[in-house]
Structure formats: C-alpha cells, structure tokens
Amino acid sequence: MPTVSNRAGSVASGSRVYDRRSVEEARRDLAAWIAKWEARYPRLVAWAEETIEETLTFYRLPRQHHKHLKSTNMLERLNEEIRRRTYVVRIFPSAASCCRLVRAGGGDARELA
C-alpha cells in the first residue's frame, strides 16, 4: 500500500479520472494511472481495476449533473440527521422501529434538496 509520502500522489493522479468529459477519456487516464503505479502498488491497482467500473457509471448521466455527484454534502447531511435522531432515541424496541426512523430521515432529506 502507498506510504504516507506517496499516498497523496497516487490518489491525486487517480482522482483525475473523474474530471474527464467522457468515459473514454476517463478510461485512458485510468490506463495511464495503472501503468504508472502497478509496479509499485500492485494490490492498490488490482483493487482499482476490480471496482472502477462501478464508479464510472455517473458518466451515463447528463454532464450538468456531474458536479453535484462529486459532492457528498447531501449524504453527509443525511448521516448527521440520522445520528442526531438515533442519539435522542438511544434504545430502539425493535429493528423495524430503527428502520422507520432512518426512512423518515430520508424522506425529510428529499424536502431539503
């Protein structure tokens, strides 16, 4: 795995894949990233090759949506709201009651968007 000093370089160069205008450009950059790092970090590169296709699916959506998909603000806000609500309840009588509370938080998040 990357050392602390090299981690920033390998991650930063890999994250450029998501700044491309098309999935073809992203795959070209990914191939260059793999060629650069596979000798040094074979496990990292193998993991990236196995899982990268799942993360490239956002290229199927219209380009104007891409900038919103790169941000995790809404997800972080939802997690914060779930944490806040579960802290108040503390002990749930059943798993179903916990699920209801989480679903209610998800419904409220749609209103915030």
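The values are calculated or read from the model by the stated rules, or taken from the named source; none is laboratory data. Given the structure is predicted, the values throughout are model-derived calculations rather than measurements. Methodologically, a virtual Cβ is constructed for each residue, glycine included, from the backbone with ideal geometry; neighbour enumeration extends over all protein chains shown.
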query: In the set ARG43, ARG90, ARG63, which member is more than 17 Å from SER15 (Cα to Cα), at pLDDT 85 or above, out of contact with any Asp or Glu (no Cβ under 9 Å at 6 or more places or on another chain) and surrounded by fewer than 11 Cβ atoms within 10 Å (Cβ to Cβ)?
result: ARG43
field: Unique match (being more than 24 Å from GLU24 (Cβ to Cβ) and in a helix (DSSP H, G or I)) among LEU56, LEU78
entry: LEU78
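Whether any residue in the range 16-31 is of a type in the set (Gly, Ala, Ser) and part of a helix (DSSP H, G or I) is what I want to check.
Yes, the range 16-31 contains at least one residue that is of a type in the set (Gly, Ala, Ser) and part of a helix (DSSP H, G or I).
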- prompt: Of the numbered conditions (1) exposed (fewer than 11 other Cβ atoms within 10 Å of the Cβ); (2) small (Gly, Ala, Ser); (3) closer than 16 Å to VAL23 by Cβ, ALA96 satisfies every one except a single condition; which is it?
  reply: (3)
query: Of the residues that make up the range 33-43, is at least one of a type in the set (Asp, Glu), out of contact with any Ser or Thr (no Cβ under 7 Å at 6 or more places or on another chain) and outside any helix (DSSP H, G or I)?
result: yes
